[in-house]
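Structure record follows, encoded as structure tokens.
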Amino acid sequence: VESASVVTRLPLHPGGSSRSIMIQGRTYPPDRQGEQVVPSYSVISPDFFSVLHIPLLKGRFFTGADDEHASRVCIINRSMAQTFWPNEDPVGKRLNMGVVDDWIQIVGVVGDVRQHQLGEPPRPMFYAPYAQDPWPFMDIALRSATEPAALASSVERAVLNLDNTQPVYNVATMQDVVSKSVAGRRFNMFVLGLFAALALCLTAIGIFGVISFAVTQRTHEIGVRMALGAEQRDVLALVIGRGVLLTLIGLGLGVVGAFIVTRFLSSLLYAVKPTDPLTYALVSVLLLTVALLASYLPARRATKVDPMVALRYE
């Protein structure tokens, strides 16, 4: 174990706590779209941020000196700083959770954490040291230099040695926690990707069929062109060009349709916009490549047309 900490609720776990606050020198906290902002609240031990590699943006982390005998302190995240103290330095400001004359000083600002779901935007959140606000139940967070799952039995023994009536349950790696939190979204995207792959196969078959039929219909024309001096590369360009033209028309219509439809898929996406230009460009290149391959075989067959056989039917 490299480092260890306790927290009332780890990120990406359901539940958690939130607290209404008052800010010193203000009558009311800011509103967001007409609703009072109620930040999330978590109690942690001093090493929590180092265990989860949450960066310090301003001020300081908690230390062992922030105990029950010291002045009350807290650390806020970036979203809370931007919501309650825009264009200000929040370090040194004070807030209150409703207890008379129990002001809590902000000593640091840390990066945002998606506490409930990966897909939701970060919420305003503040942290208190465990020594100043102890809770009867906590999650344990460990960072290991080895395979973390292999530590489960050792951690359980260590806890039981301290208190053999204390249950240890729901042991998981953070990778497992992240995977579980997106399991439903991953399944939906798998099904959607499967249908997309089938659609791509049907597209390739359709282009191949259309171009093959066009080559059959224009066999005589191709024979005449070759009899008049057209070379194989000219015939290839003629046939493939038709396939590319059809594909470009389809891509144009598809991009317009995608801009209209993909906004309904935004809840399935994480860190990608529904109108991400890179995704549109890569998919367009993929479809164009498939169209070129589907057109090449009929075009290659067209170059094998014997002019004398083609002209015999004229």
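At a probe radius of 1.4 angstrom, the accessible area of the chain per residue rounds to 61 square angstrom. Below 14 angstrom from the Cβ of MET138, what's the summed charge of the other residues (Lys, Arg +1; Asp, Glu -1)? Net charge around MET138: -3.
Share of carbon and sulfur in the accessible area of segment 192-233 stands at 72%, probe radius 1.4 Å. With helices as the sole contributors, the chain gives -14000 deg cm²/dmol at 222 nm; each DSSP H run of n ≥ 4 counts as -39500 (n - 2.57), and the sum is divided by every residue. Summing +1 for each Lys or Arg and -1 for each Asp or Glu among the other residues whose beta-carbon sits under 13 angstrom from that of PHE126 gives +4.
One compactness figure for segment 1-144 is 1.00, namely its Cα radius of gyration divided by 2.2 N^0.38 Å. May I ask you to derive the FRET efficiency for VAL255 and PHE187 from their Cβ-Cβ distance with R0 = 45 Å, giving the value to the nearest 0.05? Approximately 0.95, to the nearest 0.05. Note on segment 74-117: with neighbouring protein chains present and a 1.4 Å probe, carbon and sulfur make up 41 percent of its accessible heavy-atom surface. Could you tell me the calculated FRET efficiency between THR165 and ASN96, based on Cβ-Cβ distance and R0 = 41 angstrom, to the nearest 0.05? Calculated value: 0.65.
Roughly how big is the chain's charge dipole about its Cα centre, with Cβ charges of +1 (Lys, Arg) and -1 (Asp, Glu), in debye to the nearest 20? Don't skip to the end; give the middle numbers.
Details: 27 positive and 25 negative charges, 270 e Å.
It works out to roughly 1300 debye.
Were the residues from VAL177 through LEU265 laid out at 0.36 nm apart, the gain over their Cα-Cα distance would be 29.3 nm. Here Rg and Dmax of the Cα atoms in Å was computed from the coordinates, and among [x] 31.8, 105; [y] 27.7, 91; [z] 20.3, 61 the match is [x]. Here the gap between GLU156 and VAL285, fully extended at 0.36 nm per residue and compared with their Cα-Cα distance, gives a gain of 41.2 nm.
Of all complete DSSP H helices in the chain, those with a Cα span along the helix axis of 20 Å or greater and a mean Kyte-Doolittle hydropathy of -0.5 or more are 183-217, 232-261, 277-302.
The values are calculated or read from the model by the stated rules, or taken from the named source; none is laboratory data. Keep in mind the model is a prediction, meaning the values are calculated, not measured. Note that each Cβ is placed from the backbone with ideal geometry, even for glycine, and that neighbours are counted across all protein chains shown. We work out accessible area using only protein heavy atoms, side chains counted, and drop any ligands, DNA or RNA first. Shrake-Rupley method; radii C 1.70, N 1.55, O 1.52, S 1.80 Å.
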